[in-house]
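Here's the structure, in structure tokens; my notes come after.
The values are calculated or read from the model by the stated rules, or taken from the named source; none is laboratory data. Just so it is clear, the structure is predicted and the values come from calculations on it, not from any experiment. Cβ: placed from backbone, ideal geometry, glycine included. Neighbour counts: every protein chain shown.
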Amino acid sequence: MFPASFQYHRAASVKDALGMLQQFGDDAKLLSGGHSLLPMMKLRLAQPTHLVDIAGVAELSGVREEGGKIVIGGATIHDNVASNQIVRNKLGLLAEVASAIGDIQVRNRGTIGGSLAHSDPAADYPAGVLALEGEIKLESSSGSRVVKAQDFFVDLLTTAIKPGEILTGVSFTPHPARTGFAYLKHRQPASGFAIVGIAAMVTLDAKGNCERVRVGVTGLGAKAFRPAAVESALAGKKPDTGAIGTAAAHAADGIDPLSDIHASADFRSELARVYTRRAIQQAIARIKT
Ligand SMILES: Cc1cc2nc3c(=O)[nH]c(=O)nc-3n(C[C@H](O)[C@H](O)[C@H](O)COP(=O)(O)OP(=O)(O)OC[C@H]3O[C@@H](n4cnc5c(N)ncnc54)[C@H](O)[C@@H]3O)c2cc1C
């Protein structure tokens, strides 16, 4: 299968890429790992006439600490997120999510910026970035802005990114003390995509009650989301089996579940409830007090 013809441009810097996006307008698309865009081009679901390759832009790749935050460049490949020592030590949930993506070939090409920008309803990163309350930096020729994860995912394959913008990085607050996390997913066996994936992060107070519970759900609906009723049901409570089960029962509340050849809407909803319970339990079991 071949895509329609296009012109390929390799950007040397963010400024260079932004200039090309401005020059080619609606005819251009950014190319990062190409693991979502190229399949879409081969299926003729996307037919850009100009591809602006940002994979080699050094300033877009890597992990750095800045003002107490951990910043991941938009073109950082999944494997580099999964194996980075800063991420593993201070942002374990994100490392766990990145290491669950696809297989080693996918993790060696696909990038965090590409995954978030594509916003596949079954992608893993959105669940983690929501639970971690990540902040997404978007740059254009006229300046930059930061969008909270909660406001970034708009609908199926649709995000807050506007034409001419590049997702240059995502920043996160490191896990606080007394925090545990888990990312659990029911995998589509061929691709590894999440039929349902749950990222959970729990912080306990000094008395062992839930100070902060954050959950990100992917795979269930058209876009990833945080189930507010699950989080609020546990706030301030002792996280015993009963309380976790009661909270997790709300994981699919208010969502119009996807249904396809891999899983019916009812099965997906049940998976969301079961995996939410398990992910919260695992997160709590990992807390070092
Ligand atoms: C066989 C296979 C299995 C996979 N399994 C999984 C899985 O289990 N879990 C999972 O989450 N994903 C999976 N993926 C998807 C993979 O993670 C992709 O790499 C990812 O979704 C897209 O990242 P990319 O860097 O390849 O983006 P690309 O394909 O290059 O781009 C995707 C879209 O994002 C835009 N874009 C790219 N970078 C930016 C940027 N910095 N700023 C603004 N827009 C940008 C592009 O223009 C394009 O529209 C799989 C893919 C394949 C081929």
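Summary table below
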| quantity | calculated |
| --- | --- |
| Any hit, the range 220-242, residues being farther than 21 Å from L156 by Cβ, hydrophobic (A, V, I, L, M, F, W, C), in contact with a Lys or Arg (Cβ under 7 Å, 6 or more places away or on another chain) and crowded, with 19+ Cβ neighbours inside 10 Å | no |
| Out of A82, A12, sole residue that is more than 9 Å from the ligand (Cβ to nearest atom), over 23 Å from A160 (Cα atoms), touching a Ser or Thr at 6+ places or on another chain (Cβ under 6 Å) and not assigned by TED's automatic domain parsing to the domain that holds S191 | A82 |
| Every residue from the range 223-269 that is charged (D, E, K, R), within 20 Å of G128 (Cα to Cα) and touching a Gly at 6+ places or on another chain (Cβ under 9 Å) | R226, R268 |
| Residues that are among the β-branched types (V, I, T) and outside any helix (DSSP H, G or I), drawn from the range 70-92 | I70, V71, I72, T76, I77 |
| Residues satisfying the stated conditions in the range 30-60, i.e. under 27 Å from L94 (Cα atoms) and without any contact (Cβ under 8 Å) to a residue 24 or more places away in the chain | P39, M40, A58 |
| Every residue from the range 137-160 that is more than 9 Å from the ligand (Cβ to nearest atom) and assigned to a loop (DSSP other than H, G, I, E, B) | S141, S142, L156, A160 |
| Residue match in the range 84-104 (condition: crowded, with 22+ Cβ neighbours inside 10 Å, farther than 24 Å from M201 by Cα and within 16 Å of the chain's Cα centre (by Cα)) | no |
| Cross-chain or 6+ apart pairs with Cβ under 7 Å, the range 177-196 first and closer than 18 Å to V129 by Cα, then at pLDDT 95 or above and among the aromatic types (F, W, Y) | L184/Y275; V196/Y275 |
| Matching residues, the range 55-69, being among the small types (G, A, S) and in a helix (DSSP H, G or I) | A58 |
| Close pairs from the range 117-145: first in the same structural domain as V81 (by TED's automatic domain parsing), partner charged (D, E, K, R) and within 10 Å of the ligand (Cβ to nearest atom), Cβ under 6 Å, at least 6 apart | L138/E165; S140/E165 |
| Some residue of the range 117-136 being within 13 Å of the ligand (Cβ to nearest atom), in a strand (DSSP E or B) and surrounded by fewer than 22 Cβ atoms within 10 Å (Cβ to Cβ) | no |
| Residue among G19, G67 that is over 30 Å from K185 (Cβ atoms), more than 8 Å from the ligand (Cβ to nearest atom) and in the same structural domain as A122 (by TED's automatic domain parsing) | G67 |
| Any chance G33 is in contact with a strand residue (DSSP E or B) (Cβ under 8 Å, 6 or more places away or on another chain), over 23 Å from V217 (Cα atoms), part of a loop (DSSP other than H, G, I, E, B) and more than 11 Å from the ligand (Cβ to nearest atom) | no |
| Single condition P163 does not satisfy, out of (1) surrounded by 20 or more Cβ atoms within 10 Å (Cβ to Cβ); (2) part of a loop (DSSP other than H, G, I, E, B) | (1) |
| Residues that are of a type in the set (A, V, I, L, M, F, W, C) and more than 12 Å from the ligand (Cβ to nearest atom), drawn from the range 44-64 | A58, V63 |
